[in-house]
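The values are calculated or read from the model by the stated rules, or taken from the named source; none is laboratory data. A quick note: this is a predicted structure, and the numbers were derived from the prediction, not measured. Because the Cβ atoms are built from the backbone with ideal geometry, glycine has one as well, and the counts that use them run over all protein chains shown.
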Amino acid sequence: TWTMLNIAEEQIERVREQIGDSGLAICGLSGGVDSAVAAAIVQRAIGDRLHCVFVDHGLLREGEAEQVERDFVAATGVNLHVYDAQEAFLTALAGVTDPEEKRKIIGREFIRAFEAAEATVLGEAAEQGEKVGFLVQGTLYPDVVESGGGAGTSNIKSHHNVGGLPEDLEFALVEPLRTLFKDEVRLVGEQLGLPAEMVWRQPFPGPGLGIRIIGEVTADRLDILRRADAIARQELTRAGLDRDIWQMPVVLLADVRSVGVQGDGRTYGHPVVIRPVTSEDAMTADWARLPYEVMERISTRITNEVEEINRVTLDITSKPPGTIEWE
Ligand code: XMP
């Protein structure tokens, strides 16, 4: 719309003024909408002087890394550096089952990987006689107001936001979303032609699928969960419900097995839990009354298409007392 066009243009102009005619900026992409829109605005303002970094930690859902590496780049033309840290994350997470321990490790590994990627960018810039003076962050207005405790966080768990970046005082912060609310950010994202899946993505925790596998996180388990989650999301979208449902985590109970029957044979597979919720701000939530046909499709498809899963269960707990995530 006209107003949103104004907002986008206004922010682009402000960034241009702040950064000026020389100097480079760096921006970490998480796969989420905030960092993507912030980067797109800065790209419009300073072009290739913006260097984006994407740490692929292997904990995103199916298609999400490609969305950043392929679709986002195609839509915006950003200068993207991909840092593949999947092995490092898996190694660091090996044997770990405690949720808070997982969060700490993921947060630590993320900073480590980002700093390594950042060092490469800084080094390349130095070789060209250039200096990276700015760090772009997707801070929203509610984050500014609540100074740190942004939407989608609570005090009960130590939320490390993987989209967040280590503090570095040598950089000046560029925060093009600082005056915007989430819905405005989405509209600006649409205006700038970002992929719809990114713009309309439901909230997703920084530690990603790492806290949706109950038990140790392994490559095989991630693969199983990713396939089940992709089906659940497809069916929610197909039913036209993904904007009504706040979030729908799919949780793999990786250490639980149950007996099932498939064809002539007995199976001994894992259950997944589907956790659709409605919410305004993630502080409280209600379990969503999904239509039976949607639940049926999700259940049938997951058990048919994901061999390792032989049971689909539904979480009907509100928050409180349950949290949205299982870990
Ligand atoms: P809970 O599970 O506490 O989640 O009801 C509330 C909201 O926060 C998200 N969440 C996280 N986000 N890092 C994040 O960036 C985290 O460690 C984390 N844990 C939960 C959750 O998806 C929901 O939107």
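Results, tabulated for the structure shown:
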read-out	value
Subset of segment 180-217 (residues that are outside any helix (DSSP H, G or I) and over 21 Å from Val251 (Cα atoms))	Leu180, Phe181, Leu192, Gly193, Leu194, Pro195, Trp200
Helices (runs of 4 or more DSSP H) contained entirely in segment 30-148, each with at least 2 residues that are modelled with pLDDT of 95 or more	33-46, 73-76, 86-93, 99-127
Residue satisfying condition, being at pLDDT below 95 and away from the ligand (no atom under 16 Å from the Cβ), within set Glu216, Glu175, Glu197	Glu197
Which listed residue is away from the ligand (no atom under 16 Å from the Cβ) and crowded, with 17+ Cβ neighbours inside 10 Å, from Arg226, Arg233, Arg238	Arg226
Residue satisfying all of: in segment 282-327; within 11 Å of the ligand (Cβ to nearest atom) and in a strand (DSSP E or B); farthest from Gly215 (Cα to Cα) among these	Ala285
Subset of segment 265-281 that is within 12 Å of the ligand (Cβ to nearest atom) and in a loop (DSSP other than H, G, I, E, B) - its residue that is surrounded by the most Cβ atoms within 10 Å (Cβ to Cβ)	Arg275
Pairs, first under 13 Å from Gln137 (Cα atoms) in segment 26-54, second part of a strand (DSSP E or B) and of a type in the set (Phe, Trp, Tyr), C-beta under 9 Å, six or more apart	Ile26/Phe134; Cys27/Phe134; Gly28/Phe54; Leu29/Phe54; Ser30/Phe54; Val42/Phe134; Leu50/Phe134; Val53/Tyr83
